[in-house]
Amino acid sequence: MAKPRRGLAVRAALVASGLVAGACTSDAPAITRPAGPGAARINTLWWLMFAISAAVIVVIGVMVLLSIRAARRRTLAVRDGEERWQKRLVVIGGVVFPVVVLTTLWVLVLQDMRALSAPPGRRLTVDVVGHQWWWEVRYPGQHIVTANEVHIPAGQPVEIRLTTEDVLHSFWVPQLTGKTDLIAGKVNHMTVEADHPGVYRGQCAEFCGLQHALMIFYVVAQSPSDFRTWISNESRSESTPSSGLVAEGRQAFLASACSACHAVQGVNEPLPPGSGLSRFGIPPPSTAVYAPDLTHFGSRVSIGAGAVPNNRGNLAGWVIDSQSIKPGNYMPPIQLDPKDLQALIAYLESLK
Ligand code: CUA
């Protein structure tokens, strides 16, 4: 009878140590390491709140200790003139001080909220659509559809328009700015800006089902010239391979179940000119939009919205049985003979 309990305890210890290790990982995003003006504001406010809370705890702690000591020495009996002083202490400490502190914080929070929600002016706009459990990313007017990666130019405010295809999600890049919810039938706006080029990890911050925790994305901030290069590369459709393993992989992609849900621009989903707002009122151009667009899949950081790094081994594992990597995701196991699988992997990794 003791065995399952011990097993449970071991598992709990493993989970706890995993959480601690995760929290200590240096690449874990933290609001206390801001990399953009929005996060810098939040960070300042956070430290101010922390300092005030810590000071209040210290003062209260000291008062509790003093009163315990006084009680032990039986000096609690009220002497002449002390009562008035005690009443004042209660009024100042219990009413005046909290009102002043909370009002000051409230004004500062309102100021920050106003600054954070201010529109960035007419610059770059990116549309992000939440799905269980991945992010569709579109660049309106630029013929670009990608997934789980938002590329932006560093040093410039970028407007992000957010909506969802299914349930509530929340877009959060702790090092860049605060959270904004993705609500069905509504478009929310937020501004994101990174001070310097870098890859900033984002996380869905609203519980949205089984794989909420593996609904990760990356904001890739690039120098303006690198960003322009990325844009011009992403606007290209796939260049058709004429022969070899990659061409066989393309055939395997079209012949298998993959192409029923995933699109590769120019292969099974020609993107009409001027589109990019299909999820914002205009119907999508084809049916192959139920899963991440794969047009430039080979250049992406991760597979399965941050589930595993993007490499050949992980990709093969994902195609054969993504359920073992990200249980509950909507991709069924794909049955392919080894030769076709090898060709398919070569094709997908060639899409850069
Ligand atoms: Cu999407 Cu949590």
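Quickly run through the stretch 52-75 and pick out the residues that are in a helix (DSSP H, G or I) and among the hydroxyl-bearing types (Ser, Thr, Tyr).
In the first step, residues of the stretch 52-75 are kept if they are in a helix (DSSP H, G or I); the result is 52-72.
Once the filter is applied, which keeps residues that are in a helix (DSSP H, G or I) and among the hydroxyl-bearing types (Ser, Thr, Tyr), the stretch 52-75 yields Ser53, Ser67.
May I ask you to list the residues in the stretch 187-216 that are away from the ligand (no atom under 12 Å from the Cβ) and under 22 Å from Tyr290 (Cβ atoms)?
Listed by number, the list holds a single entry, Val187.
Which ones in the stretch 105-145 are over 26 Å from His262 (Cα atoms) and either of a type in the set (A, V, I, L, M, F, W, C) or buried (at least 17 other Cβ atoms within 10 Å of the Cβ) (or both)? Full working, then the answer.
To start, the set of residues in the stretch 105-145 that are over 26 Å from His262 (Cα atoms) comprises 105-124.
Leu105, Trp106, Val107, Leu108, Val109, Leu110, Met113, Ala115, Leu116, Ala118, Pro120, Leu124, listed by residue number.
Looking at Ser278, Ser286, Ser302, can you tell me which residue is within 28 Å of Thr163 (Cβ to Cβ), at pLDDT below 85 and touching a strand residue (DSSP E or B) at 6+ places or on another chain (Cβ under 7 Å)?
Values: Ser278 fails: touching a strand residue (DSSP E or B) at 6+ places or on another chain (Cβ under 7 Å); Ser302 fails: at pLDDT below 85.
From the options Ser278, Ser286, Ser302, the qualifying one is Ser286.
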field: Long-range neighbours under 9 Å by Cβ, at least six apart or interchain, first residue within 10 Å of the ligand (Cβ to nearest atom) within the stretch 160-183, second in a loop (DSSP other than H, G, I, E, B) and among the polar types (S, T, N, Q)
entry: Asp166/Gln132; Val167/Gln132; His169/Gln132
message: I'd like the full set of residues that are in contact with a helix residue (DSSP H, G or I) (Cβ under 6 Å, 6 or more places away or on another chain) and in a helix (DSSP H, G or I), limited to the stretch 32-51.
response: Gly38, Arg41, Leu45
- prompt: So is Ser223 hydroxyl-bearing (Ser, Thr, Tyr), within 16 Å of the ligand (Cβ to nearest atom) and modelled with pLDDT of 95 or more or not?
  reply: no
query: Within the stretch 97-104, is there a residue that is free of Cβ contacts under 8 Å to residues at least 24 places away in the same chain, loosely packed, with under 11 Cβ neighbours inside 10 Å and not in a helix (DSSP H, G or I)?
result: no
message: Which pairs turn up if I take residues in the stretch 221-237 that are acidic (Asp, Glu) and look for partners that are crowded, with 17+ Cβ neighbours inside 10 Å with beta carbon separation below 6 Å, at least 6 apart in sequence or on another chain?
response: Glu234/Ile144; Glu234/His296
query: Counting just the residues of the stretch 116-136 that are in contact (Cβ under 8 Å) with a residue 60 or more places away in the chain and assigned to a strand (DSSP E or B), which one comes out nearest to the ligand (Cβ to nearest atom)?
result: Gly130
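The values are calculated or read from the model by the stated rules, or taken from the named source; none is laboratory data. What you see is a predicted model, and the numbers here were worked out from it, not measured in a lab. Cβ coordinates were reconstructed from backbone atoms using ideal geometry, including for glycine residues, and neighbour counts include every protein chain displayed.
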